[in-house]
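One structure is given here, and the rest of the page talks about it.
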Amino acid sequence: MSRTGDERRSRRLARMRARALGGERRSDRLLREIVDEAEEEIESAERGLVGSISRKLGAKGRFLAIATLIGATITVASIYYERRVIETAVRADWQDPVLVSEGRALYRDNCAFCHGDALEGQSGWDGDYPRGHRPGLPLDGTAPIWRLSDDDIFDVIKYGGQPFSPRSYKNDMPGFEMQIPDAGIWALVAFIKSRWSEETRQQQEEEVAQRRPAG
């Protein structure tokens, strides 16, 4: 029974107790009886409506309705989980499919123009450019990007290449500090690393380990 139905029943019981104690006038009693009958009719109609809907749906319909509700709940929970993963990322977990998927979308929208749809870089990137303006490097692991730690790659994406280059060298890598939040940049790094070979990821680990101070 619904909460409203419980409240109606409680009121009727209270009135019945009052009548039993003889504290109610005849006119009041008649009025109360009319109200009671009306409330009973409402409850009966409510039960009939629910039963009617249930009968119309049938066993198969009820099953589909429940399955739809469960599916909608799972979808909402999944979207919430993915949003939380993306919004709270603090490292480049290249094995997290949610983070990698977000990074792929960000790469397509912000990086592919210079670094290629397949992370292959621009033609001539490996030439000699003493004053800068080097074409976009490959990010697929064929260029020595693996010499950078995850934090280094994060900083270059966030602040651009110029802060990490000599003054006389013009680095065309822009910074995305204003366009992409930190969690999105970590997603980008995760996507980039997901495209590396296992050997390249191992090379990066060894390079970073060698740069750590002893002790």
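Tabulated data
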read-out	value
GLY160 vs. criteria within 33 Å of the chain's Cα centre (by Cα) and within 19 Å of VAL100 (Cα to Cα)	no
Any hit, segment 62-80, residues being at pLDDT below 60, touching a helix residue (DSSP H, G or I) at 6+ places or on another chain (Cβ under 8 Å) and among the basic types (Lys, Arg)	yes
Residue within segment 192-213 that is surrounded by 17 or more Cβ atoms within 10 Å (Cβ to Cβ), assigned to a helix (DSSP H, G or I) and of a type in the set (D, E, K, R) present	yes
Selected residue [within 18 Å of the chain's Cα centre (by Cα) and of a type in the set (Lys, Arg)] from ARG134, ARG91, ARG147	ARG91
Residue within segment 177-186 that is under 11 Å from VAL100 (Cα atoms), of a type outside the set (A, V, I, L, M, F, W, C) and within 18 Å of the chain's Cα centre (by Cα) present	yes
The one condition in (1) surrounded by fewer than 17 Cβ atoms within 10 Å (Cβ to Cβ); (2) in contact with a helix residue (DSSP H, G or I) (Cβ under 8 Å, 6 or more places away or on another chain); (3) in contact (Cβ under 8 Å) with a residue 40 or more places away in the chain that ASP117 fails to fulfil	(3)
Cβ-Cβ under 6 Å pairs, at least 6 apart or on other chains, segment 141-167 side of a type in the set (Phe, Trp, Tyr), far side surrounded by fewer than 18 Cβ atoms within 10 Å (Cβ to Cβ)	TRP146/THR200; TRP146/GLN203; TYR159/GLY175
Filter result (surrounded by 12 or more Cβ atoms within 10 Å (Cβ to Cβ), out of contact with any Ser or Thr (no Cβ under 9 Å at 6 or more places or on another chain) and not small (Gly, Ala, Ser)) within segment 120-143	GLN122, TRP125, ASP126, TYR129, ARG134, LEU137, PRO138, LEU139
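The values are calculated or read from the model by the stated rules, or taken from the named source; none is laboratory data. Every value quoted in this text rests on a predicted model; they were computed, and no experiment measured them. Cβ coordinates were reconstructed from backbone atoms using ideal geometry, including for glycine residues, and neighbour counts include every protein chain displayed.
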